[in-house]
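Report on the following structure.
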């Protein structure tokens, strides 16, 4: 009898230009070379706060239909082609907004989908942790 199981794994989505000697091993490049996608991009759709929420990924672009009602698409550019870090301007935790001015190089927000952690810049941690402690007491 076949059993269903949950799978957990990695898909390399690093830009092909980050490793020019191995472009043939790049997942998006493979899809594009087989004409399965038209653009070397992907979109993540999340549904935070919804009961039975799930996330989806689309390779090769995005669909307006994938957006929730009255929501808009946010496009993020990483700080370089070797990392999934983005520059953080303002940070929001629930209804609380934190926008203390810090050196832009110090506020890198790291997207690490394979780890259950939130990376917070050291200078921002005291204020953010104070709010989180109040919210989850």
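See the values below:
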{"item": "Distance histogram for region 33-93 (every C-alpha pair counted, 5 angstrom bins, percent rounded to whole numbers)", "result": "4, 13, 19, 22, 22, 14, 5, 2, 0"}
{"item": "Cβ crowding within 10 Å averaged over residues, with 123-130, 25-32 ranked highest first", "result": "25-32, 123-130"}
{"item": "Overall Cα dimensions of region 9-65 - principal axes, largest extent first, Å", "result": "44, 22, 15"}
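Laboratory data are not the source of any read-out in this text; all were calculated from the coordinates shown. Every value quoted in this text rests on a predicted model; they were computed, and no experiment measured them. Backbone-built Cβ (ideal geometry, glycine too); neighbour counts: all protein chains shown.
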